[in-house]
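J.: Below is the structure I would like to discuss, written out as structure tokens.
Here, each number is a calculation from the coordinates, and none is a lab measurement. Remember, predicted model here, so these are calculated numbers, not experimental data. We place every Cβ from the backbone using ideal geometry, glycine too, and count neighbours over all the protein chains shown.
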Amino acid sequence: MLLRQSAFERVLDPRVQCGEGPPALLIVFVFTAHDRLPAAITIAVFGAAGFATVAPLQARVMNKAEGAPALASAANIAAFNLGNAGGAWLGGKAIDAGLGYTAPNWIGAALALAGLLVAVISGMLDHGRRKARRAEPAPVA
């Protein structure tokens, strides 16, 4: 049981949820975008890495939303949609500004790293709360 708990906690770790993969792959795509085969491979790996982050993030939200998990789940997916729309808008602005067709990759990497930073801070705060709860003395009956 202890091993399963440890593995489950690792899956819910924000660094595992978001990972460094998607931002790194966006940067790699800047350099592979000009050749079909490397671009296709990068896009395929990026799609898999991006898709793999959704379930652990959703699990973390559901795990933390004790009172209203359905509402938290809906808000989480709405945040994904908002992020997609905002990223596309910023990428379009970069192209309009004449920064080139690979400029959205840099913007996407920066946004993904910002999201990773938020997730890591959330995990650190959560870890601090769990540590404080464990340190509290047990109530005397």
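J.: How far apart, in nm, are two points set 7 Å out from the Cα along the Cα-to-Cβ line at Ala110 and at Trp89?
T.: 1.6
J.: Evaluate the Kirkwood expression for the hydrodynamic radius of region 13-132, namely the inverse of the mean inverse distance over all pairs of different C-alpha atoms, and round to one decimal in Å.
T.: Its Kirkwood hydrodynamic radius stands at 15.7 Å.
J.: Taking the number of other C-beta atoms within 10 Å as the exposure measure, put Leu82, Leu90 in order starting with the fewest.
T.: Numbers: Leu82 10, Leu90 16.
Going from sparsest to densest Cβ surroundings: Leu82, Leu90.
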